[in-house]
Amino acid sequence: PGWLAGRWGLNLLNNFMSRLYMIQREDSAMAATLEDFMSGLRKRNPGEPEFHQAVEEVAFYVLPYMQDHPHYAQHRILERMTEPDRVIAFRVCWEDDAGNVRVNRGFRVQNNNAIGPYKGGLRFHPTVTLSVLKFLAFEQTFKNSLTGLPMGGGKGGANFNPKGKSDHEVMRFCQAFMTELHRHIGPHTDVPAGDIGVGAREIGYLFGQHKRIANEFTGILTGKGLEYGGSLIRNEATGYGTVYMMQAMLAVKNDSVEGKCCVVSGSGNVATYAVEKINHMGGKVVTLSDSSGFVHDPDGIDSAKLEWVKELKTVRRGRISEYADEFTGATYHAGNRPWGVPCDLAFPCATQNELSEQEAKTLLSNGCSGVSEGANMPTDKDGVRAFLDAKILYAPSKAANAGGVAVSGLEMSQNSVRISWTEDDLQEKLTTIMQTIHDQCSEYGREQDGHINYLKGANIAGFIKVADAMLAYGVI
Ligand code: NDP
């Protein structure tokens, strides 16, 4: 009868409305929890915007997960993870070629060693601050966990600018930096690597100074030269891994990098090896950049051009603008970033917050359907939201660029047992690790409509392993 159908309809509507109300209440309770957590963190760490940004991105996903698994909250695991185990800051004094005394500030942030010795790069760049290094060390903790290898998270560096310095000046700086850092690192304690401004040259000087002071030859750094304990494919690993991650995401959609037009930023270690792997896979890269501008080469940056770029950056230490003078058809765009160039896939490989919301929207409106982050936190908070809302393939840095630290972990293993694996062995291990990272992100990031939120997946999967180890140790 009509009145029964009417009541049934009314009940359905009531149920729907109260469910909606509960969801809204849960959402606003969760927003309040996040805001509570973040306001405490901001108060304890004033003036550290990059650190706040990195923590908020993790807390946004981990707090709801912890509501369903309350033992983590009872033991204040997220509060403990966001308080670094140790922050070391020190003066670095050195003499330039003219005999002037120069003073810089050095740091090592030892964030968390629950699952292994602290591990993470050293950055030499004028923009280095405690906030930047705390964000990087925090991110590193989750990234290292995702690799499945026994490595904790750390990061360090100095506000030293290697650009324009002679080799001798860089050497003297590295020696002064290591003279203090050596007290705090060791193969079972903390094993740094390279990052922005710290490449093969700097690692050589740093390792040499440690060997001299400690009078021992041990694996206290990774990214070393092959002659003195380095691993094959360490240089290539971050850039290659970033592209493997993209390939793994595309494979879920029965697609691949082959034939895709790609925009890459940066022109350092990560960017150049990302280009190399995209070329191997049959894609075409049309941009590279540095902090002064970007080059656009519609014909593609093939392997011969790429070799020229590697020589430009690592031997002549020149600027990317020179590319446009060398290759006809290429143009240089001073003071701009490459995100306005239409592409299928984007690989930000330069630095943090180099891709804004507006630039993310430009990429999307130009048809970009996949982003894999080679740099650490290259997309700003609103840019990330734009990618997530558009439901494109988006691999966050802590998953996408984990290949570098993974091969660093393999370098540590080789150093411990004094063996060297072959290139084939290492390639196989790297591809397996990247696929496993992809699969962990899928497991924890799959949404009800089947879309994979890789950011959510990476944050939760990275969190669980470290959190469970911390629980096992009790209150320390
Ligand atoms: P490099 O020093 O080799 O290259 C850095 C590149 O980024 C250069 O082209 C540099 O240009 C550019 N860059 C630096 N700062 C800025 C800026 N403020 N604005 C625009 N461009 C900038 O460093 P890597 O390639 O090693 O590192 C790049 C990114 O990848 C970083 O975010 C790093 O943390 C991350 N990463 C690196 C790993 C590695 O194994 N090396 C591992 C995991 C992540 P310029 O020469 O003008 O400064």
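The values are calculated or read from the model by the stated rules, or taken from the named source; none is laboratory data. The model shown is predicted, which means the values in this text are computed figures rather than measured ones. Cβ sites come from the backbone with ideal geometry, for glycine too, and all protein chains shown count toward neighbours. Remember, those area values only see protein heavy atoms, side chains included, never the ligands or the DNA or RNA. Shrake-Rupley method; radii C 1.70, N 1.55, O 1.52, S 1.80 Å.
So the values come out like this:
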{"read-out": "With every protein chain in place, the chain: carbon and sulfur % of accessible area (1.4 Å)", "value": "52"}
{"read-out": "Sites Glu322 and Asp299 - FRET efficiency at Förster radius 22 Å, r taken between beta-carbons, to 0.05", "value": "0.80"}
{"read-out": "Theoretical FRET efficiency, 1/(1+(r/R0)^6), r = Cβ-Cβ of Arg212 and Arg102, R0 30 Å, to 0.05", "value": "0.90"}
{"read-out": "Kyte-Doolittle mean at least 1.6 and Cα axial length at least 30 Å: DSSP H helices in the chain", "value": "none"}
{"read-out": "Computed accessible area, Asp97, all protein chains, 1.4 angstrom probe, square angstrom", "value": "90"}
{"read-out": "³J(HN,Hα), Karplus 6.51/-1.76/1.60, whole Hz, each residue of the range 114-124, x for Gly, Pro", "value": "5, 10, x, x, 4, 8, x, x, 10, 10, 10"}
{"read-out": "Heavy-atom SASA rank of Val263, Val103 (probe 1.4 Å, accessible area, largest first)", "value": "Val103, Val263"}
{"read-out": "Radius of gyration and maximum dimension Dmax of the chain, Cα, Å", "value": "23.4, 99"}
{"read-out": "Tensor-based shape of the range 284-427 (alpha-carbon gyration tensor, a/c under 1.5 rounded, otherwise prolate or oblate)", "value": "oblate"}
{"read-out": "Relative contact order computed over the chain (Cα-Cα under 8 Å; 6+ residues apart), in percent", "value": "14"}
{"read-out": "Accessible area (Å², 1.4 Å probe, nearest 10) - His280", "value": "120"}
{"read-out": "Cβ-based charge dipole, the range 350-476, positive-most Cα from Tyr473, Gly462, Ser372", "value": "Tyr473"}
{"read-out": "Unit charges on C-beta of K, R, D, E only; dipole of the chain, Debye", "value": "1080"}
{"read-out": "Amide H within-cut-off set for Phe160, under 5 Å, with H built and near neighbours excluded", "value": "His125"}
{"read-out": "Lys/Arg +1, Asp/Glu -1 at C-beta; the chain dipole; positive extreme among Leu312, Thr287, Leu232", "value": "Leu232"}
{"read-out": "Spin-label pair Ile476/Cys93, simplified geometry with 7 Å Cα→Cβ offset, distance in nm", "value": "3.7"}
{"read-out": "Sequence of Lys163, Lys43, Lys305 from largest to smallest accessible area, 1.4 Å probe", "value": "Lys43, Lys163, Lys305"}
{"read-out": "Dipole in debye (nearest 20) - the range 386-465, about Cα centre, beta carbon charges: Lys, Arg +1; Asp, Glu -1", "value": "300"}
{"read-out": "Share antiparallel - DSSP beta bridges, the chain, percent rounded to 5", "value": "55"}
{"read-out": "Accessible area per residue in Å² at 1.4 Å probe, computed on the chain", "value": "43"}
